[in-house]
Every structure is written in C-alpha cells, then in structure tokens.
Amino acid sequence: NLVADCDETFNYWEPTHYLMFGYGFQTWEYSPVYGIRSYSYIFIHAVIGKLASFIVGDNKIAIFYAIRAALGTFCAISEAVFYCGALKKFGPNIAKLCLLLMTFS
C-alpha cells in the first residue's frame, strides 16, 4: 500500500497541494457542498510550501519535505518550551518525567 496514513494524506497533503497548485484531490470534508472542515490549518501548510518553493523551485518532493521539516521544527520548539514551563512551575523531578513521557510519545 503506497498510502501509509490515508487521513494524513487525504486530509492534509492533498488539500495543501490543491491550494498550492490549483489541482488535486478534494475530500468531501473540504468540499463547498459540505464544508465541515476549514482550510485555515491547511493554509498554514500552503504558506510554508510557497515559501519553500522560492528556495527549491517547483520540486514537489522537496516542498513536501520542507513542510514536514518546518512542522517538525515547530513541534520540537513547542515541546522545549513546554519542558521549560514544567521545570519552572513544577521543578526538576516533574520536568524530567515530562521529558521522558514526551520522548516516548
């Protein structure tokens, strides 16, 4: 199976491709007929992709990895800030436990 996670692929990557390039699969959740999901979160991915396209050109694979790298960097920074907050609020023992739990989650 080429699609490892259908929700990730069809709910995030395909709509991002649709916003960036004007074509691609559109799931029923994003369809104007139903409209149960907003493009707001997907728009963040598309902005990152557009910025990356200035550097890597129209190489869609490089844009895909640039988006993933940006999201991974944001997550890493968020977890570091969370750890520092736990350290400040609850002390080193709880912060270490928090770090351990985040490492394996």
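Here are a few things to note about the model shown:
- The lone exception for Thr73 - which of (1) without any contact (Cβ under 8 Å) to a residue 40 or more places away in the chain; (2) of a type in the set (Ser, Thr, Tyr); (3) surrounded by 11 or more Cβ atoms within 10 Å (Cβ to Cβ) it fails: (3)
- Test result for Tyr30, of a type in the set (Phe, Trp, Tyr), loosely packed, with under 11 Cβ neighbours inside 10 Å, without any contact (Cβ under 8 Å) to a residue 40 or more places away in the chain and under 17 Å from Glu14 (Cβ atoms): no
- Ala52 of a type outside the set (Val, Ile, Thr), open to solvent by 40 Å² or more (accessible area, probe 1.4 Å) and assigned to a helix (DSSP H, G or I): no
- The requirement of being modelled with pLDDT of 90 or more, touching a His at 6+ places or on another chain (Cβ under 9 Å) and not charged (D, E, K, R) is not satisfied by Ile55.
- Test: residue in the stretch 32-43 that is of a type in the set (Gly, Ala, Ser) and at negative phi: yes
- Some residue of the stretch 91-101 being surrounded by 12 or more Cβ atoms within 10 Å (Cβ to Cβ), of a type in the set (S, T, N, Q), assigned to a helix (DSSP H, G or I) and modelled with pLDDT of 95 or more: no
The values are calculated or read from the model by the stated rules, or taken from the named source; none is laboratory data. Quick caveat: nothing in here was measured; it's all calculated off a predicted structure. Please note: Cβ atoms are built from the backbone with ideal geometry, for glycine as well, and neighbour counts cover all protein chains shown. The area values use the complete protein model at the heavy-atom level, side chains included, leaving out ligands, DNA and RNA. Shrake-Rupley method; radii C 1.70, N 1.55, O 1.52, S 1.80 Å.
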